[in-house]
Every structure is written in C-alpha cells, then in structure tokens.
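The structure appears right after this line, and notes come after that.
The values are calculated or read from the model by the stated rules, or taken from the named source; none is laboratory data. Bear in mind that the values here come from a model prediction, so they are computed numbers and not experimental data. Here the Cβ is made from the backbone with ideal geometry for all residues, glycine too, and neighbour counts use every protein chain on show. Heavy atoms of the whole protein, side chains included, go into the accessibility calculation; ligands, DNA and RNA do not. Shrake-Rupley method; radii C 1.70, N 1.55, O 1.52, S 1.80 Å.
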Amino acid sequence: MTTALAIRLAEAWAVCAAVQLALWAIAQRTRNAGIVDVGWALSFALVVAVYAWRATAPVAAWAPIAAVVAAWSLRLGGYLIARGAARAPEDGR
C-alpha cells in the first residue's frame, strides 16, 4: 500500500513538473510569468483527473473530494484568466 501511494504521488509530481516546465518555457519566451500562476491553479484539476483515471477505490470514496478540488481549481484558474494573469503586461507585484 505504501508503494502504491508513492507511485501515485510520483505520477502527480511528474504531471505537475511537466506542466510547470512547459509554462516556464512559455514565460521565458513571453517575459510574462502570469501564465505560470494560471497553470499552477489548473494543475490541481489535472492531478484529480490523473488520480480518477488510475483509481482503484469505489467512485463514492474519491468522487466528492475530487469534485471539490476540481471545482476550486477551475474556479481559480478561470478567475486568473479573466483577471488577465496570462496577458501582457505582467502584474508588477
């Protein structure tokens, strides 16, 4: 069981690391790091999707928390996009 948990955490880390690496490359090219914030927020929904795809537990065991995390992630990502975090000029804060 500990091994399975370690594998799932490694999968989540790999997904997030790949997304953040791609967004970092975009931020370097555009000189706007706001895209990284949007990617961070949306990566939680991506991790939930990966966990749901690989789930071995009954749906009733993981679906409620997955729905809450996905809703939060999509709400925050949508808010950041609507606020203009991914557009130039970059927020100076």
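On the basis of being free of Cβ contacts under 8 Å to residues at least 24 places away in the same chain, among the basic types (Lys, Arg) and either touching a His at 6+ places or on another chain (Cβ under 6 Å) or surrounded by 12 or more Cβ atoms within 10 Å (Cβ to Cβ) (or both), does ARG87 make the cut? Don't jump to the end; show me each part of the working.
Numbers: free of Cβ contacts under 8 Å to residues at least 24 places away in the same chain: no; among the basic types (Lys, Arg): yes; either touching a His at 6+ places or on another chain (Cβ under 6 Å) or surrounded by 12 or more Cβ atoms within 10 Å (Cβ to Cβ) (or both): yes.
No; evaluated as a whole, the condition is false for this residue.
Of everything in region 19-41 that's open to solvent by 60 Å² or more (accessible area, probe 1.4 Å) and in a helix (DSSP H, G or I), which residue is nearest to LEU74 (Cα to Cα)?
In the first step, residues of region 19-41 are kept if they are open to solvent by 60 Å² or more (accessible area, probe 1.4 Å); the result is 21, 24, 26, 28-31, 37, 40.
Checking which are in a helix (DSSP H, G or I) leaves us with 21, 24, 26, 28-30, 37, 40.
Details: LEU21: 20, TRP24: 20, ILE26: 21, GLN28: 25, ARG29: 25, THR30: 24, ASP37: 13, TRP40: 11 Å.
Filtering region 19-41 for residues that are open to solvent by 60 Å² or more (accessible area, probe 1.4 Å) and in a helix (DSSP H, G or I), the one nearest to LEU74 (Cα to Cα) comes out as TRP40.
Restricting attention to region 42-84, report how many residues are surrounded by 14 or more Cβ atoms within 10 Å (Cβ to Cβ) and among the hydroxyl-bearing types (Ser, Thr, Tyr).
Of the residues in that region, 3 qualify.
Return yes when THR3 is exposed (fewer than 15 other Cβ atoms within 10 Å of the Cβ) and not in a helix (DSSP H, G or I) and no when it is not.
Values: exposed (fewer than 15 other Cβ atoms within 10 Å of the Cβ): yes; not in a helix (DSSP H, G or I): no.
In short, no.
I'm trying to understand the selection: among the residues of region 53-64, which are modelled with pLDDT under 90 and aliphatic (A, V, I, L, M)?
Matches in region 53-64: ALA55, ALA57.
Any idea which residue in region 68-93 is modelled with the highest pLDDT, counting only those that are among the small types (Gly, Ala, Ser) and more than 14 Å from the chain's Cα centre (by Cα)?
Here is the first cut: in region 68-93, the ones among the small types (Gly, Ala, Ser) are 70-71, 73, 77-78, 82, 84-86, 88, 92.
Filter again for more than 14 Å from the chain's Cα centre (by Cα), leaving 82, 84-86, 88, 92.
Numbers: ALA82: 90, GLY84: 81, ALA85: 76, ALA86: 69, ALA88: 66, GLY92: 64.
For region 68-93, the residue satisfying everything is ALA82.
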